[in-house]
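To start, the structure under review is shown below, and the notes come after it.
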Amino acid sequence: MGAGGRPRTVPRHPGSRTRQHRRRAAAGALATRPSCLPAHRYPGLLESFDYTQSLYAEIADRGIVFARAVDSIETTLPHAREAALLTVDTRTPMFLLKRVSNDPGGVPIEHRRSLYRGDRMTFTAIQTP
């Protein structure tokens with residue numbers, strides 16, 4: 001575990017966080033979706049992961065099972081770097097989705113902070129009993 005009881009993550013360089021930018025031809029990037037993964041759960045990820053493929057498929061191929069994910073969604077404004085990645089002004093409203101995914105034992109296997117353009121995205125929640 002790292003500082004503050006949080007899972008230690010892979011060092012911060014191109015392989016430690018995956019950035020997936022969903023694009024439309026005329027619309028530019030719609031989201032940034034970096035994930036932080038506990039380094040001890042993913043040995044060799046930096047060397048073997050094909051960043052054009054699905055991170056979740058890679059996790060499943062390693063035998064790690066998702067049991068639960070908790071998402072929180074709020075509105076926010078982008079920082080200058082995020083605005084530049086998404087080609088928007090820093091005053092453009094955004095949806096901020098924070099996710100913690102756990103394995104069947106309740107151990108976190110992913111922390112994600114996704115930022116979606118508020119002018120291009122809609123979120124729909126369906127609840128069942």
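Go through (1) modelled with pLDDT of 50 or more; (2) under 23 Å from Leu97 (Cα atoms) one by one and return the number of the condition Arg6 breaks.
Condition (1) is where Arg6 drops out.
Residue by residue through the stretch 46-58, note down the ones that are modelled with pLDDT under 90 and either surrounded by 13 or more Cβ atoms within 10 Å (Cβ to Cβ) or touching a His at 6+ places or on another chain (Cβ under 6 Å) (or both).
Leu46, Phe49, Leu55, Tyr56
Name the single residue that is modelled with the lowest pLDDT among those in the stretch 91-122 being basic (Lys, Arg) and surrounded by 13 or more Cβ atoms within 10 Å (Cβ to Cβ). Walk me through it before giving the result.
The initial filter retains those residues of the stretch 91-122 that are basic (Lys, Arg), namely 91, 98-99, 112-113, 117, 120.
Still in the list and also surrounded by 13 or more Cβ atoms within 10 Å (Cβ to Cβ): 98-99, 112-113, 117, 120.
Working: Lys98: 96, Arg99: 95, Arg112: 94, Arg113: 94, Arg117: 93, Arg120: 87.
The qualifying residue modelled with the lowest pLDDT is Arg120.
Show the residue pairs meeting these rules: Cβ distance below 6 Å; 6+ apart or different chains; first residue within the stretch 92-114 and under 20 Å from Ala80 (Cβ atoms); second residue surrounded by 17 or more Cβ atoms within 10 Å (Cβ to Cβ) and of a type in the set (Phe, Trp, Tyr).
Phe95/Tyr116
For the stretch 29-43, how many residues meet the condition of being modelled with pLDDT of 90 or more and more than 20 Å from Arg99 (Cα to Cα)?
Residues in the stretch 29-43 being modelled with pLDDT of 90 or more and more than 20 Å from Arg99 (Cα to Cα): 1 in total.
Looking only at the stretch 30-62, count every residue that is among the hydrophobic types (A, V, I, L, M, F, W, C) and in contact (Cβ under 8 Å) with a residue 60 or more places away in the chain and tell me the total. Let's see the steps before the verdict.
The first filter runs over the stretch 30-62 and keeps only residues among the hydrophobic types (A, V, I, L, M, F, W, C), leaving 30-31, 36-37, 39, 45-46, 49, 55, 57, 59-60.
This time we only want the ones that are in contact (Cβ under 8 Å) with a residue 60 or more places away in the chain, so: 30-31, 36-37.
Counting residues in the stretch 30-62 that are among the hydrophobic types (A, V, I, L, M, F, W, C) and in contact (Cβ under 8 Å) with a residue 60 or more places away in the chain gives 4.
Of the residues Ile59, Ile73, which is under 20 Å from Arg120 (Cβ atoms) and outside any loop (DSSP other than H, G, I, E, B)? Break it down into steps so the answer makes sense when it comes.
Details: Ile59 fails: under 20 Å from Arg120 (Cβ atoms).
Only one candidate qualifies: Ile73.
Quick grid of which residues meet (1) assigned to a strand (DSSP E or B); (2) in contact with a Gly (Cβ under 7 Å, 6 or more places away or on another chain); (3) hydrophobic (A, V, I, L, M, F, W, C):
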| residue | (1), (2), (3) |
| --- | --- |
| Ala83 | no, no, yes |
| Ser101 | yes, no, no |
| Gly105 | no, no, no |
| Ile109 | yes, no, yes |
| Tyr116 | yes, no, no |
| Thr122 | no, no, no |
| Gln127 | no, no, no |
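Are any of the residues in the stretch 97-108 touching a Pro at 6+ places or on another chain (Cβ under 7 Å) and farther than 22 Å from Phe49 by Cα?
No; the residues of the stretch 97-108 include none that is touching a Pro at 6+ places or on another chain (Cβ under 7 Å) and farther than 22 Å from Phe49 by Cα.
The values are calculated or read from the model by the stated rules, or taken from the named source; none is laboratory data. For clarity, every value in this text was computed on a predicted model and none was experimentally measured. Here Cβ is always computed from backbone atoms with ideal geometry, including for glycine, and neighbour counts include all displayed protein chains.
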